[in-house]
Amino acid sequence: MKGGSSNPLQINLKDVMTGFIGGFLTIYMLILVTNLTMISWLMAPFGASCVLAFSAWNAPLSQPRNIIGGHFVSSFVGLSVATLIGTEPWSVGMAVGLAISCMMLTKTTHPPAGADPIVIMLGSYNWSYLFSPVLTGSVLIVIMALLINNLRQNRRYPIFWY
């Protein structure tokens, strides 16, 4: 518990600006598209997905498969548990545990997606939520990550697709 090392994180102003621009433009774009279409493209865990997509872009859990698949799998689990069992406190906890397990089994682990069952179950969302905002929003995040990360010469995103 004492720890033994110093913080390995480095401050790089280009990375800081890429994180700012990526997060700002992506969330702004999700809100604009929501306002234009009157269909929700945004949910709170997408903010955390932007942190990974733009600041830890080369991490395995930040890759397109994980962003899209993680949100989809986790949301599917949350909707399934809500439909089959309900939204009791224990079932919300069970949904998060199941979502983590399912993401690990499908190699789509994405930490922000762990919050999806909570958002879905406490918000009483229906199955259409799986497609909008979950699928449409996560695809837009990946598109923005592809565009913004690859503007930098020293970044190659994604590291892997599958």
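The values are calculated or read from the model by the stated rules, or taken from the named source; none is laboratory data. This one's a predicted model, so the numbers in the text were calculated from it and none came from an experiment. Please note: Cβ atoms are built from the backbone with ideal geometry, for glycine as well, and neighbour counts cover all protein chains shown. In case anyone asks, the SASA skips ligands and DNA or RNA and just uses the protein heavy atoms, side chains included. Shrake-Rupley method; radii C 1.70, N 1.55, O 1.52, S 1.80 Å.
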Test of understanding: extend the Cα→C-beta vector of A48 to 7 Å, then name every residue of region 75-103 with backbone N under 17 Å from that spot.
75-79, 92-103
When a/c is below 1.5 the answer is rounded, else prolate if a/b is larger than b/c, else oblate, so apply that to region 80-161 with a ≥ b ≥ c taken from the square roots of the Cα gyration tensor eigenvalues.
prolate
Nearest-20 debye value, the chain charge dipole, Cβ charges on Lys, Arg, Asp, Glu
540 debye
Can you check how the C-alpha radius of gyration of region 98-137 compares to 2.2 N^0.38 Å, as a plain ratio?
1.18
Have a look at W57, W127, W41 and tell me which one the Gaussian network model of the chain (Cα, springs below 10 Å) gives the largest fluctuation.
W127
Roughly to the nearest percent, how much of the accessible area of the chain is carbon and sulfur, given a 1.4 Å probe?
71 percent
Along its three principal axes, how long is the chain when you only count alpha carbons? Whole Å, largest extent first please.
49, 48, 27
Average accessible surface area per residue within region 46-97, 1.4 Å rolling probe, Å²:
38 Å²
Based on alpha-carbon atoms only, what is the radius of gyration of region 1-69 relative to the globular estimate 2.2 N^0.38 Å?
1.38
Placing each pseudo-label 7 Å from Cα in the direction of the beta carbon, V16 and F160 end up separated by a distance in nanometres of 3.3 nm
If you fit an axis through the alpha-carbon atoms of helix 64-84 and take the longest principal axis of the Cα set of the chain, what angle between them do you get, 0 to 90°, nearest 10?
20 degrees
Computed [θ] at 222 nm, deg cm²/dmol, the chain (DSSP H ≥ 4; -39,500 (n - 2.57); rounded to nearest 500)
-19500 deg cm²/dmol
